[in-house]
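J.: Before anything else, here's the structure in question.
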Amino acid sequence: MIDSAILKKSIKEKFGHSDCSIFSAPGRINLIGEHTDYNGGFVLPASIDKCISLAIVPNGTSTVNLYSIDYDESVSFDVDGEKPKQQWASYVYGVIQEMKKRGASPGGFDAVFGGDIPLGAGISSSAALESVFGTALNTIFKLGFDKRELAKIGQMTEHNYVGVRCGIMDQFASLFGEAGKVIRLDCRSLEYELFPFEPEGIRLVLIDTMVKHSLASSEYNVRRAQCEAGVAVIAKYKEGVELLRDVALEDLDAHKGEMDPEVYRRCHFVISENQRLLDGCEDLSRSDYALFGQKMFRTHEGLSKEYGVSCEELDFIVEIARSVEGVLGARMMGGGFGGCVLAMVKNENHDEYVAKVREAYQKRFGKDPRVIDVVISDGARQW
Ligand code: GLA
């Protein structure tokens, strides 16, 4: 996590402020339940110890002045003006616009921000950015949004200002996460339950392929549309079917012949994945991490073969995980087409797995993967 001294120094240098408020919001992992959120299903994410943090001071005007420490770039825009052209600034702009749509009036401010969430690695740096600005503006301008609304503001920022029709998992996890706990979130009702996740002698590690696929956002929207196409077929026959969450595998199979085979495969994955998550929570409540890990492997297989969002590099890293003793489970995580594999591994086998992956990956793809050990930590907060 970026040191508060760096933020304070930066806001003094850039904008001359000696006093400021400091906030941070984390990235997330998701243990199981991928591509289920926008289908009204369940997810099992947790916030991690990698954050975006900011220092902020209201400036009494309608101008927003931002400085990104990581990009070493400044951007200014008016809260009522045009969207800035820098992608990173459009997230902040989007959060402000979504707040205004809901009747709030955030004013102008000066802010500097930075963090240690690798970009494009599938651990939701963008949700962290939305959540940290959402939380900061809500607090300093006393806007009165609750955390569920802040999560929706972040999600709608993606839809309306970035062009990704994402679900709500990432923003929810960044805002609601708690140290040592995973969140079982019902993405339809937004009701959630926290499950302790502190398995003794087991660690979570992310292996970043360093692949940033340019198709990630366009193909994401295609997957979502394919799920909607499957729902439309079933809804002709069954009342009350609005989302894949409402569809049982038997219903899907009964109408298999009426859908494009690809649409069938996508829907088959989502419905199975939702059930796998519910079964996986039973494993966790019995502390059966070995059985839970097996489900992670099955999730990967489904994401790769049925949902079509994996890539060669991700498949390769998961394959190695299967061959190392003590790796209980591994799977690609997040939207896909690159980013990270999440592995659950026994402490004593961690170094062996990491060494094996590094060597084999370098040999096969001629580059180094990035290894990120993660600890489940608190969600968005003011320091
Ligand atoms: C991205 C989206 C989430 C979710 C995952 C896949 O992270 O932002 O809403 O759909 O992909 O599970």
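J.: Count, please, the residues in region 127-184 that happen to be open to solvent by 30 Å² or more (accessible area, probe 1.4 Å), touching a residue at least 12 places away in the same chain (Cβ under 8 Å), within 16 Å of the ligand (Cβ to nearest atom) and within 30 Å of residue 280 (Cβ to Cβ).
T.: The total comes to 6.
J.: Next question, about the same structure. Are any of the residues in region 70-78 without any contact (Cβ under 8 Å) to a residue 40 or more places away in the chain and either open to solvent by less than 40 Å² (accessible area, probe 1.4 Å) or in the same structural domain as residue 270 (by TED's automatic domain parsing) (or both)?
T.: Looking for residues that are without any contact (Cβ under 8 Å) to a residue 40 or more places away in the chain and either open to solvent by less than 40 Å² (accessible area, probe 1.4 Å) or in the same structural domain as residue 270 (by TED's automatic domain parsing) (or both), one finds at least one in region 70-78, hence yes.
J.: Taking residue 357 as the residue in question, decide whether it is open to solvent by less than 60 Å² (accessible area, probe 1.4 Å), outside the structural domain of residue 147 (by TED's automatic domain parsing), in a helix (DSSP H, G or I) and at pLDDT 95 or above.
T.: yes
J.: Give the residues of region 185-205 that are among the acidic types (Asp, Glu) and either open to solvent by less than 50 Å² (accessible area, probe 1.4 Å) or closer than 21 Å to residue 131 by Cβ (or both), sorted by residue number.
T.: 186, 191, 193 - these are the residues of region 185-205 that are among the acidic types (Asp, Glu) and either open to solvent by less than 50 Å² (accessible area, probe 1.4 Å) or closer than 21 Å to residue 131 by Cβ (or both).
J.: For region 24-67, what are the residues that are among the polar types (S, T, N, Q), more than 16 Å from the ligand (Cβ to nearest atom) and not in a strand (DSSP E or B)?
T.: Within region 24-67, 59, 61, 62 qualify.
J.: In addition: Against the conditions (1) modelled with pLDDT of 95 or more; (2) open to solvent by less than 20 Å² (accessible area, probe 1.4 Å); (3) not aliphatic (A, V, I, L, M), where does residue 124 fall short? Just the number, please.
T.: Answer for residue 124: the failing condition is (1).
J.: When you check residue 111 against the structure, is it buried (at least 21 other Cβ atoms within 10 Å of the Cβ) and either of a type outside the set (A, V, I, L, M) or touching a residue at least 24 places away in the same chain (Cβ under 8 Å) (or both), yes or no?
T.: Criteria met by residue 111.
J.: Only one residue in 330, 321, 380 is of a type in the set (A, V, I, L, M, F, W, C) and more than 18 Å from the chain's Cα centre (by Cα), so which one is that?
T.: 321
J.: Specify which of the listed residues (32, 22) is of a type in the set (A, V, I, L, M, F, W, C), within 19 Å of residue 340 (Cβ to Cβ) and in contact (Cβ under 8 Å) with a residue 40 or more places away in the chain.
T.: Testing whether each residue is of a type in the set (A, V, I, L, M, F, W, C), within 19 Å of residue 340 (Cβ to Cβ) and in contact (Cβ under 8 Å) with a residue 40 or more places away in the chain leaves just 32.
J.: Go through (1) over 20 Å from residue 132 (Cβ atoms); (2) more than 22 Å from the chain's Cα centre (by Cα); (3) surrounded by 24 or more Cβ atoms within 10 Å (Cβ to Cβ) for residue 34 and report which single condition fails.
T.: For residue 34, the exception is condition (2).
J.: From (1) among the acidic types (Asp, Glu); (2) open to solvent by less than 10 Å² (accessible area, probe 1.4 Å); (3) away from the ligand (no atom under 15 Å from the Cβ); (4) outside any helix (DSSP H, G or I), pick out the condition that doesn't hold for residue 98.
T.: Among (1) among the acidic types (Asp, Glu); (2) open to solvent by less than 10 Å² (accessible area, probe 1.4 Å); (3) away from the ligand (no atom under 15 Å from the Cβ); (4) outside any helix (DSSP H, G or I), the lone unmet condition for residue 98 is (4).
J.: Let me ask something else about it. So which helices (runs of 4 or more DSSP H) are wholly in region 245-349 and hold at least 3 residues that are open to solvent by less than 30 Å² (accessible area, probe 1.4 Å) and within 16 Å of the ligand (Cβ to nearest atom)?
T.: 261-285, 289-301
J.: Return the pair list, or none, for Cβ contacts closer than 8 Å from residues in region 327-351 that are of a type in the set (S, T, N, Q) to residues that are surrounded by 20 or more Cβ atoms within 10 Å (Cβ to Cβ), at least 6 apart or on different chains.
T.: These pairs meet every condition: 349/327.
Here is a yes/no grid of residues against (1) over 21 Å from residue 331 (Cβ atoms); (2) of a type outside the set (A, V, I, L, M):
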residue	(1), (2)
145	yes, yes
148	yes, yes
177	no, yes
207	no, no
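J.: Of the residues in region 193-236, how many are in contact (Cβ under 8 Å) with a residue 40 or more places away in the chain and of a type in the set (Ser, Thr, Tyr)?
T.: 3
J.: If you don't mind, there's one more thing I want to ask. Of the residues 225, 232, only one is of a type in the set (Gly, Ala, Ser), open to solvent by less than 60 Å² (accessible area, probe 1.4 Å), at pLDDT 95 or above and within 15 Å of the ligand (Cβ to nearest atom); which?
T.: Result: 225 is the single residue among 225, 232 that is of a type in the set (Gly, Ala, Ser), open to solvent by less than 60 Å² (accessible area, probe 1.4 Å), at pLDDT 95 or above and within 15 Å of the ligand (Cβ to nearest atom).
The values are calculated or read from the model by the stated rules, or taken from the named source; none is laboratory data. Small disclaimer: the values here were computed from a predicted structure and weren't measured. Heads up, the Cβs are rebuilt from the backbone with ideal geometry, glycines too, and the neighbour counts pull from every protein chain shown. Keep in mind that these areas ignore ligands, DNA and RNA; they rest on the heavy atoms of the full protein, side chains included. Shrake-Rupley method; radii C 1.70, N 1.55, O 1.52, S 1.80 Å.
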